[in-house]
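The values are calculated or read from the model by the stated rules, or taken from the named source; none is laboratory data. The model shown is predicted, which means the values in this text are computed figures rather than measured ones. Using ideal geometry, Cβ is built from the backbone for each residue, glycine included, and neighbour counts are taken over all protein chains shown.
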Amino acid sequence: MELARHETHPTMLVRNIALLCATSLIAGCMTYQDPRSRADQIAALHAAADELAGSYQVADSRNDDGRGYVQVVVGKQDGTDQLSLVMTSPKTGATALNGSGCRGWHTDNHRYTAVQCDADIREINFFSLQRQTNPDPVNSGTLPASFATMVVPERGYLFDIADRSGRHHYYVLRKVVQQ
């Protein structure tokens, strides 16, 4: 009896490890479930889209790939809370980016405001725009670093475009105050 248990122990261990790996793979494929009620999600997206709409100057960028964007105009599509952006570059002209399935986060004390949208361009997975309440560094997360750390200043905005390949393009934006 003791011998049989020792013979099956490695097999059981391999099965348990395989089960754990399979479980973690499945869990990794699951989508994020927002704990907020549907009404709260809609209200947060509406408030965030209203706050983030406007014109911005590009103050800094990483992984721009030579596009040279200098201005970003953020609007709402056809009266909805789905964001649309026009990015302008003296090198490449204007590039439009429309969002769908946008999700928003907003706090009444303006401590956090962000919108993330799926992109309508095949090469782009999603884009996000968020207002920073505190200075926040943006780095490549790789060793060695693939780009120098960029700091989003307090009350600055971080615009992130995520390619389907997994590459991110980061822009620090300053909102242009309308007079």
Filter pass, Phe159 being of a type in the set (Phe, Trp, Tyr), within 16 Å of Asp60 (Cβ to Cβ) and surrounded by fewer than 19 Cβ atoms within 10 Å (Cβ to Cβ): no
Consider Arg103 against the criteria (1) in a loop (DSSP other than H, G, I, E, B); (2) of a type in the set (D, E, K, R); (3) touching a helix residue (DSSP H, G or I) at 6+ places or on another chain (Cβ under 9 Å): it satisfies all of them except one. Which criterion is unmet? (1)
Filtered residue count, region 123-146, keeping only those that are at pLDDT 90 or above and over 17 Å from Tyr56 (Cβ atoms): 4
For region 108-146, name all the residues that are outside any loop (DSSP other than H, G, I, E, B) and either surrounded by fewer than 16 Cβ atoms within 10 Å (Cβ to Cβ) or among the aliphatic types (A, V, I, L, M) (or both). Ala114, Val115, Asp118, Ala119, Ile124, Leu129, Asp136, Pro137, Val138
